[in-house]
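The values are calculated or read from the model by the stated rules, or taken from the named source; none is laboratory data. The model shown is predicted, which means the values in this text are computed figures rather than measured ones. A quick note on method: Cβ atoms are made from the backbone with ideal geometry, for glycine too, and the neighbour counts reach across all protein chains shown. The accessibility values were calculated without ligands, DNA or RNA, using every heavy atom of the protein model including side chains. Shrake-Rupley method; radii C 1.70, N 1.55, O 1.52, S 1.80 Å.
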Amino acid sequence: MNCLSALMNRFTKPHQIDTPPQNEYIESMKIKNHLLDDPKVDTSLQSPNVSKGTIKPEIIVLHYTASGGEDGKGDATYLSRASSRASAHVVAGRNGSLDQIVPFNKRAWHAGKSEYKGVNDVNDFSIGIEIDNWGWLDGRGLNVPEDQIHHETRNGKKTWEKYKPEQLEAVDEVIGAIVAKYDIVDIVGHEDIAPGRKQDPGPALDEFTAKMKEKYLGKAKPAPKTEAPSKEGTKKVTGDGLRLRVRPNRHATILTHLYKGYEVKVLQENVFPGWDKVQYKNKVGYVANQYLT
Ligand SMILES: [Zn+2]
């Protein structure tokens with residue numbers, strides 16, 4: 001032992017004893033002006049592929065890019081070109097790189113024709129995260145080593161690229177930040193909201209998605225049951241000026257106002273937590289069900 005190491009030990013030892021576990025020091029990722037505010041996240045590319053106005057995100061949609069590359073720059077760049085006519089909020093590279101190319105309160109173009117619990121156009125109320133991954137591999141001649149292959153049959157495909165641990169760690173952090181900031185009720189895969197049309201993120205991500213739901217939505221914010229309770233019938237409006245909206249959220253366009261004593265036909269109860277899908281005359285929309293009896 002030389003003098004220097006003796007010195008270092010003398011000063012480092014007592015300090016180490018009082019050092020809490022390393023993860024006590026990891027600050028959670030923050031969101032500022034609807035952008036992730038963290039040295040790990042590159043927000044320099046901003047995609048023009050967004051709709052006018054703002055959204056209130058309620059679910060998170062996970063995707064794979066069906067592409068190669070170590071970091072997500074290639075995909076972030078592609079999705080930031082007007083010609084791609086597509087975007088997502090966040091791109092996560094295989095090496096854990098993160099690019100946010102659309103602010104979370106803007107409508108990105110990631111879900112396409114889609115439906116979540118009877119509500120169309122999931123882009124209107126969701127955050128899209130693209131994760132770099134080839135997806136299914138069957139017969140594509142991609143050079144993916146065997147230990148990186150997930151074997152499970154779905155949609156007629158048998159082999160899928162595994163997601164990288166550092167990549168999932170990064171996505172985990174992003175989801176944590178989003179859930180802390182917005183009122184998120186579910187985390188789904190693109191295939192869940194566009195079945196028959198989309199296969200991403202595929203079976204290789206199932207375990208991670210389940211883990212995220214348990215970690216972030218498990219106790220504090222229970223996700224709505226897969227089978228939303230449905231009961232046809234009529235209910236009466238209990239308040240004056242109740243808003244019938246095009247979508248089940250407080251920022252959605254108002255179709256009409258309903259007044260005390262009006263009767264509405266209930267098409268689906270609690271389609272989203274706190275919202276019933278109802279019909280009044282020829283108008284179908286959503287109302288906060290605390291004002292129905
Ligand atoms: Zn997708």
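Remark: the LYS113-VAL284 segment gains 59.5 nm on full extension, using 0.36 nm per residue and subtracting the alpha carbon distance. Counting 0.36 nm for each residue step from LYS213 to ASP138 and taking away their Cα separation leaves a gain of 24.1 nm. Shown is the FRET efficiency for LEU255 and SER84, computed with R0 = 30 Å from the Cβ-Cβ distance and rounded to the nearest 0.05: 0.35. Of the chain, which part is the longest with no GluC sites (Glu not before Pro) in a loop (DSSP not H, G, I, E, B) and with at most 11 other C-beta atoms within 10 angstrom? Value returned for the longest uninterrupted segment is 28-226. For the chain, the solvent-accessible area of protein heavy atoms averages 54 Å² per residue (probe radius 1.4 Å; ligands and nucleic acids excluded).
Comparing GLN268, GLN199, GLN148 in a Gaussian network model of the chain (Cα springs below 10 Å), the most mobile by mean-square fluctuation is GLN148.
With semi-axes defined as the square roots of five times the eigenvalues of the C-alpha gyration tensor, the equivalent ellipsoid of region 28-217 measures 24, 18, 17 Å, largest first. Spin-label model, LYS40/ASN155: points 7 Å from Cα along the beta carbon direction are separated by 2.8 nm. Does region 233-291 come out rounded, prolate or oblate, given a ≥ b ≥ c as the square roots of the eigenvalues of its C-alpha gyration tensor, rounded meaning a/c under 1.5 and, failing that, prolate meaning a/b above b/c? Here region 233-291 falls in the rounded category. For the chain, the antiparallel share of DSSP beta bridges with both residues in that region comes to about 70%. Only the Cβ atoms of Lys and Arg (+1) and of Asp and Glu (-1) were treated as charged; on that basis the dipole of the chain about its Cα centre amounts to roughly 1440 debye.
Across the accessible surface of region 28-217, with the other protein chains kept in place and a 1.4 Å probe, carbon and sulfur atoms take up 48 percent.
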